[in-house]
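Trainee: Here it is, the structure, as structure tokens.
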Amino acid sequence: MKNAVSGLGLAPDAAMVTFPIEMFLPGSDITPVEARKAEFYERLTRWKSEFAADGNGGSPLVSARGATFEDALTRANDLILARQWGDGLPIWPATRERVEWILAGTPLPREHALGTFPPRGGVATVEICAIALAMAGGRPEYLPVLVAAVEAFLDPAAGSEQLQAASGSAFPVVIVNGPIGQQIRLNSGFGCLGPDPQRPAGASIGRALRLLQQNVGGARPGVGTMANYGGLRYTNVVFAEDEENLPTGWPPHGTERHGFAPGTNSISLAFANGATNIRRRGAKKETPEEDALQGMHRMADFMRVPNLAGLAGYEHGTPGILMIPGVVAQTMVGLGWTKASIREFLWEHSRIPAEHLRRAGGYAWIEIDASKVTRESAALDPWPITSAPDNFILIVAGGGHPTNSYWLQGYSPGVIGREIRLPGDFARLVAAAEQDLYGAEGGRGG
Amino acid sequence: MITLEFYDPSGRLEARQPHAPRLDGLAGKRIGFVSNEQWQAFRMLPLLKVLLERDFAGIEVLPVNTFPQGNALIGNEETAQEVKRSGVDAVIIGNAA
């Protein structure tokens, strides 16, 4: 509740009364509320805020002491958990030295504010991003991607104000385009959703974003976020599109969805709340045409479920992100499929018969939606899971093998793009990373 | 002894607007509800109406449907203006999910 109040820009010490009732469910006995009514009336009349602003300075320092470095590091991690700043995995304490090192990764001043993180409303400065990235095991060359992701996350059209606190277990998905993907070793191939010791950037950046959501945004389980399950939230999802294996004529996602020139370093952020592998390849002696068509049906059939996750982004967002390997995209293009025809097929074949929607109670959710376009879609039978085929995000990523595709179920009011800003000496940072991470062992895979 | 000094990662807060001023009392006041129209509000707000009208002389608590309801409507400027024009002394916002 305090998060929600401070997130609106109000002092966080809200007038508050906790009513002595069990879990508030339909049919619960709420008559015990009366026992606390005097406090409730007092908060409506005499209560005053005693909040004193934190001031405009940088983040304060705390300390942990130990007989040895290992002892101090252990105590620091204990303190980080006790203050509820960690995620349960070991953390690098964000020392001055580590944060200064990471700040070399941005041309922006450390005090530059990117916005305020909902629901708590903490100020998202460049410095606090560097602190989170330090804790997440990050490096300076990762900071430009994190800053762009934070900017997109905080764009009101992203929907983070609601999704940070909501029960639907949304997590941000950050898709990176441009040469920076390879430069900082973001994975776009085998195991691109991680973990990957050869390409750890996505895990660090996503973990830092999660720590910002929790620490600056106040999204702690059962308090600032009511996510029932919270899956995929240790690292969120951060990966690069496999631009090297895009079929001829297929623009990078950042160009297609956000209009960035090809070759631009950019990110695209959407929210998802489900992730599943979909078997794409046939098992016997299908012709290439049959194999492609059967795979398309399996993907569309999987999407044709009345759980209504896509309602959040029905008009402007996305029903989900479909990832297909480059080898599949190229084969399908060879068979005459286009990006547009793939989307059109998915849109048409994922439509839900009205009877199925009705028996699952879908119409009540559609009718209370804030979007007029969504409410009016109730008249369509079968009901399309999104307002237009172009809302599907289709990404080329994943290992060079044709058997599987991957579906990140969208829960995303918007899909937000941001250009990535690099410092002037970015090439030096990339060279240092190659030396630090891979030089001693003979380079990648050594 | 080794001391590790590191940053508090929670970031600063700014209060950009004051809380609504409190009423000097509830007796004789005119109170409205703004509801997000979910089931919690339909149970809690009518109970508050009963309690307030029983405990404070001359108080008028408007019915829960006096102002626009629902998540899509309660946060917009038109609703805020309608509440202002109504001349109520205060509103209680019932919001749950």
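The values are calculated or read from the model by the stated rules, or taken from the named source; none is laboratory data. Here the structure is a predicted model, which means the values were calculated and not measured. Positions of Cβ are generated from backbone atoms using ideal geometry, with glycine treated the same way; all protein chains shown enter the neighbour counts. In case anyone asks, the SASA skips ligands and DNA or RNA and just uses the protein heavy atoms, side chains included. Shrake-Rupley method; radii C 1.70, N 1.55, O 1.52, S 1.80 Å.
Trainee: Six or more apart or on different chains, Cβ under 7 Å: which pairs go from a residue in the range A:6-24 that's on the phi > 0 side of the Ramachandran plot to one that's open to solvent by 30 Å² or more (accessible area, probe 1.4 Å)? Could you list them?
Mentor: Between residues of the range A:6-24 that are on the phi > 0 side of the Ramachandran plot and residues that are open to solvent by 30 Å² or more (accessible area, probe 1.4 Å), the close pairs are A:Gly9/B:Ala15; A:Gly9/B:Arg16; A:Gly9/B:Gln17.
Trainee: Of all residues in the range A:370-384, which are open to solvent by less than 20 Å² (accessible area, probe 1.4 Å) and away from every other protein chain (no Cβ under 13 Å)?
Mentor: If the condition is that a residue be open to solvent by less than 20 Å² (accessible area, probe 1.4 Å) and away from every other protein chain (no Cβ under 13 Å), then A:Ser377, A:Trp383, A:Pro384 are the ones that fit.
Trainee: Of B:Ala72, B:Ala80, B:Ala15, which residue is farther than 30 Å from A:Trp85 by Cα, open to solvent by less than 60 Å² (accessible area, probe 1.4 Å), within 12 Å of chain A (Cβ to nearest Cβ) and free of Cβ contacts under 8 Å to residues at least 12 places away in the same chain? First the steps, then the outcome.
Mentor: Numbers: B:Ala80 fails: within 12 Å of chain A (Cβ to nearest Cβ); B:Ala15 fails: farther than 30 Å from A:Trp85 by Cα.
Being farther than 30 Å from A:Trp85 by Cα, open to solvent by less than 60 Å² (accessible area, probe 1.4 Å), within 12 Å of chain A (Cβ to nearest Cβ) and free of Cβ contacts under 8 Å to residues at least 12 places away in the same chain holds for just one of B:Ala72, B:Ala80, B:Ala15, which is B:Ala72.
Trainee: Please find, within the range B:18-53, the residue that is farthest from A:Leu44 (Cα to Cα) out of those that are of a type in the set (Val, Ile, Thr) and open to solvent by less than 30 Å² (accessible area, probe 1.4 Å).
Mentor: B:Val34
Trainee: I'd like to know if the range A:97-108 contains one or more residues that are open to solvent by less than 30 Å² (accessible area, probe 1.4 Å) and either within 18 Å of A:Tyr234 (Cα to Cα) or among the charged types (D, E, K, R) (or both).
Mentor: no
Trainee: Restricting attention to the range A:52-74, which residues are modelled with pLDDT under 85 and either loosely packed, with under 15 Cβ neighbours inside 10 Å or more than 7 Å from chain B (Cβ to nearest Cβ) (or both)? Before the answer, list the steps.
Mentor: Just the residues of the range A:52-74 that are modelled with pLDDT under 85, to begin with: A:52-58.
Passing the criteria: A:Ala52, A:Ala53, A:Gly55, A:Asn56, A:Gly57, A:Gly58.
Trainee: Exactly one of these conditions fails for A:Ile205: (1) among the β-branched types (Val, Ile, Thr); (2) within 11 Å of another protein chain (Cβ to nearest Cβ); (3) part of a helix (DSSP H, G or I). Give me its number.
Mentor: Condition (2) is where A:Ile205 drops out.
Trainee: Which of the helices (runs of 4 or more DSSP H) contained wholly in the range A:78-178 include at least 1 residues that are in contact with a helix residue (DSSP H, G or I) (Cβ under 7 Å, 6 or more places away or on another chain) and in contact (Cβ under 8 Å) with a residue 60 or more places away in the chain?
Mentor: So the answer is A:126-135, A:143-154, A:160-163.
Trainee: Restricting to the range A:20-30, give me the number of residues that are more than 8 Å from chain B (Cβ to nearest Cβ) and open to solvent by 50 Å² or more (accessible area, probe 1.4 Å).
Mentor: 6
Trainee: Looking only at the range B:22-66, filter to residues that are in a helix (DSSP H, G or I) and of a type in the set (Asp, Glu); which one of those is farthest from the other protein chains (Cβ to nearest Cβ)?
Mentor: Checking each candidate, the answer is B:Glu53.
For every residue, the table says whether it meets (1) touching a residue at least 60 places away in the same chain (Cβ under 8 Å); (2) hydrophobic (A, V, I, L, M, F, W, C); (3) buried (at least 22 other Cβ atoms within 10 Å of the Cβ); (4) assigned to a helix (DSSP H, G or I).
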position: A:Gly231; (1), (2), (3), (4): yes, no, no, no
position: A:Val238; (1), (2), (3), (4): yes, yes, yes, no
position: A:Thr255; (1), (2), (3), (4): yes, no, no, yes
position: A:His297; (1), (2), (3), (4): no, no, no, yes
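Trainee: Sticking with this one: For residues that are out of contact with any Leu (no Cβ under 9 Å at 6 or more places or on another chain), away from chain B (no Cβ under 11 Å) and within 19 Å of A:Arg210 (Cα to Cα), tally how many sit in the range A:99-118.
Mentor: Counting residues in the range A:99-118 that are out of contact with any Leu (no Cβ under 9 Å at 6 or more places or on another chain), away from chain B (no Cβ under 11 Å) and within 19 Å of A:Arg210 (Cα to Cα) gives 0.
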